[in-house]
1. When the Cα centres of the range 105-172 and the range 3-40 are compared, how far apart do they sit, in Å?
2. Grab the other residues whose beta carbon is less than 14 angstrom from that of Y6, score K and R as +1, D and E as -1, and report the net.
3. About its Cα centre, what dipole magnitude does the chain give when the only charges are +1 on Lys and Arg Cβ and -1 on Asp and Glu Cβ, stated in debye to the nearest 20?
4. Quick one: grab the alpha carbon gyration tensor of the range 102-172, order the square roots of its eigenvalues as a ≥ b ≥ c, and give me rounded if a/c is under 1.5, else prolate or oblate depending on whether a/b is larger than b/c.
5. Spin-label point model (7 Å from Cα, Cβ direction): what's the D160 to D2 distance in nm?
6. Shape verdict for the range 21-113, please, from the Cα gyration tensor: rounded (a/c under 1.5), prolate (a/b greater than b/c) or oblate.
7. Once you sort the root eigenvalues of the Cα gyration tensor of the range 40-172 as a ≥ b ≥ c, which label holds: rounded (a/c under 1.5), prolate (a/b larger than b/c) or oblate (the other case)?
8. Any idea what the relative contact order of the range 3-171 is, in percent, if you count C-alpha pairs under 8 Å spaced at least 6 apart?
Amino acid sequence: MDTAYYKMTYLSHVMNFHDEDLRKLGMDLIVVLPNYFWELPASSSGHHHPVDERGQHGLVIHSFRVARAGLCLTESRKLQKYNDIMKFCGLFHDGGRYGFDEFPERHTIPEHPEMMAEFVKEHSTVRADSVMKAINCIRTHSGLWGKYPPQCEFEWMFHDADNVASKLHLIM
């Protein structure tokens, strides 16, 4: 599969959001995400993700998995009203994993959650509750390993979705 396929798949997911603010923001972000996002692996070390996330398009594959894991968690807690937020966060949380320069860093930037949260905020024209929840989840998605740990159950849920999706190779 190629980059065009992944961009079109992202677009189809975003177009299905019921939340108009997240839909518009997601469409805008698809266009401005760093080019490397569509090509590079999710793991810069080659250790912390399933094998298919360690190769070409791995970051995109990982993002789809996090979105699906997040939806499983909202469903299991009967919080489907937050599905769009959870899916948005899964799709975009690692959009700046290697920075925002034309030539990305070779390794994951530890501050990428805060950087991506700011990137999303800068590209948002509204401060709707759903957008702010998404920004906070993206900012705190590294959990206890990040500068900003999750502050509420929803943020922990998203962190857990990311954490579990990253460790599928350990539990299967």
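1. A separation of 17 Å, based on Cα centres.
2. Its environment carries a net charge of -3.
3. Dipole of the chain, to the nearest 20 debye: 420 debye.
4. oblate
5. About 4.1 nm separates the two model spin labels.
6. oblate
7. Oblate, since a/c reaches 1.5 and b/c is not below a/b.
8. Here the relative contact order equals 23 percent.
Since every read-out is calculated from the coordinates, none of them should be taken as a lab result. For clarity, every value in this text was computed on a predicted model and none was experimentally measured. All Cβ positions, even for glycine, are placed from backbone atoms using ideal geometry, and neighbour counts span all protein chains on display.
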